[in-house]
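Notes follow once the structure below has been shown.
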């Protein structure tokens, strides 16, 4: 998972908004889970949800979350946008490509 400039900008902007406070962040269209993982690493008080409609992307994101030991703070869910996430959301992030 090599970060791309757009990914780094999204993560940076998310961290500016959440700061060091507890936050519920949703990464829609997560793909590999890179953005969700980077936010969870950099913001230890954030709970992060990673959603995608592609089952293969969900499998990859789950594997990456496990590899980084973040299963307790990054929930990977199959579904459209924020549909699989219950409760209030503090921030939604995405880097959607056609």
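The values are calculated or read from the model by the stated rules, or taken from the named source; none is laboratory data. Note that the structure is predicted; figures quoted are calculated from it, not measured. Backbone-built Cβ (ideal geometry, glycine too); neighbour counts: all protein chains shown.
Inspect all residues belonging to region 51-64 and state whether any of them is surrounded by 23 or more Cβ atoms within 10 Å (Cβ to Cβ) and under 12 Å from residue 93 (Cα atoms). Checked region 51-64: at least one residue is surrounded by 23 or more Cβ atoms within 10 Å (Cβ to Cβ) and under 12 Å from residue 93 (Cα atoms). For region 63-98, a residue qualifies if it is in a loop (DSSP other than H, G, I, E, B) and either at pLDDT below 95 or under 15 Å from residue 31 (Cα atoms) (or both), and the qualifying residues are 79, 80, 81, 82, 86, 87, 95, 96, 97, 98.
For residue 33, the requirement of being in contact with a helix residue (DSSP H, G or I) (Cβ under 8 Å, 6 or more places away or on another chain) and either surrounded by 12 or more Cβ atoms within 10 Å (Cβ to Cβ) or modelled with pLDDT of 95 or more (or both) is met.
Condition first: more than 12 Å from the chain's Cα centre (by Cα), touching a residue at least 60 places away in the same chain (Cβ under 8 Å) and either surrounded by 15 or more Cβ atoms within 10 Å (Cβ to Cβ) or part of a strand (DSSP E or B) (or both). Can you find one or more residues in region 2-21 that meet it? Yes.
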